[in-house]
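For reference, the structure is listed below as C-alpha cells.
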Amino acid sequence: THAAPAAAMPSNSKHLEHAAVVVREVAGGCLCCAVAAPFTVAVTQLLRRAKPDRLLIEPSGMGHPGGLFDALSGEFLRGVLELKATIALVDVAAVGSVQSPENTRIVNSEAFRDQVHCADVVVGTKADLAPPESAAEFRAWAAGLYPAKAEVAVVRRGQLPLAPLDVPIGSAVLW
C-alpha cells in the first residue's frame, strides 16, 4: 500500500521532535484510486488544527501527481488552498553516467517518468553523497526534459531553499 504523509514543513524525522510540525499519514492505497476521501479528510483536519503557512505533501514514490492535484483541487479543498509548484526530487546519481541496476529500473519506470513530466521544478538530491560529476550530469539531464522545468536545483544534505516552493503551479515551459 501507499501512504501520503503531509506536514507543515519537510518531514525529516530527525528534526520533527524539535520543530512545531504536525504530520499526518494516510495509508491504505493510492491517492488516485483508493484513498482520495480519507486523504481529503486528513488534509482538512491538518489545516484546521495546525493552520500551517505551507503544506508539503509527499506521495509515495509510485504516486501519480494527477491524483494528488485532483484531490487538492476538488470541491472541499479548492477554495482553501493555493497550490504551488509540483516538485520532483531525483537522486542525482540515478540519472548520472554510472547507474546501478536499481537506479536504471527506477528511471525507466512509468511512475518516475510521469512524476518528472508533471513537475514544475526538478530538484537533484543527495549531491553530497554522489560522485562530483553527478550534479553536472543531473543538470544536463534536466535541461533536456520536456516540458522544460521552471526551475532546476541541486541540493546537498537536503537543504532546499524556499524559492522553489513559491514557483506557481503549471510553470513548466512548453516550447
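The values are calculated or read from the model by the stated rules, or taken from the named source; none is laboratory data. Bear in mind the structure is a predicted one, so any value in this text is a computation, not a measurement. All Cβ positions, even for glycine, are placed from backbone atoms using ideal geometry, and neighbour counts span all protein chains on display. Please note that ligands, DNA and RNA were not included when accessible areas were found on the heavy atoms of the full protein model with its side chains. Shrake-Rupley method; radii C 1.70, N 1.55, O 1.52, S 1.80 Å.
Computed quantities for the displayed model
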quantity: Calculated FRET efficiency for the pair ARG156/CYS118, C-beta based, R₀ 25 Å, to 0.05; calculated: 0.50
quantity: Net charge dipole size for region 58-151 [Lys, Arg +1 and Asp, Glu -1 on Cβ; Debye, nearest 20]; calculated: 120
quantity: Estimated D of region 36-175 in µm² per second, where Rh is the Kirkwood radius over Cα pairs and Stokes-Einstein applies at 20 °C, 1.002 mPa s; calculated: 133
quantity: Extended-chain gain in nm, criterion 0.36 nm per residue less alpha-carbon gap, GLU75 and LEU129; calculated: 15.2 nm
quantity: Residue order for PHE76, PHE112 - accessible surface, 1.4 angstrom probe, largest first; calculated: PHE76, PHE112
quantity: Spacing of the two label points (7 Å from each Cα toward its C-beta) at GLU82 and ASP166, in nm; calculated: 1.0
quantity: Which of VAL92, VAL22 is most accessible, then next, and so on - probe 1.4 Å; calculated: VAL22, VAL92
quantity: LYS51 accessible area, 1.4 Å probe, all protein chains in place, Å² to nearest 10; calculated: 150
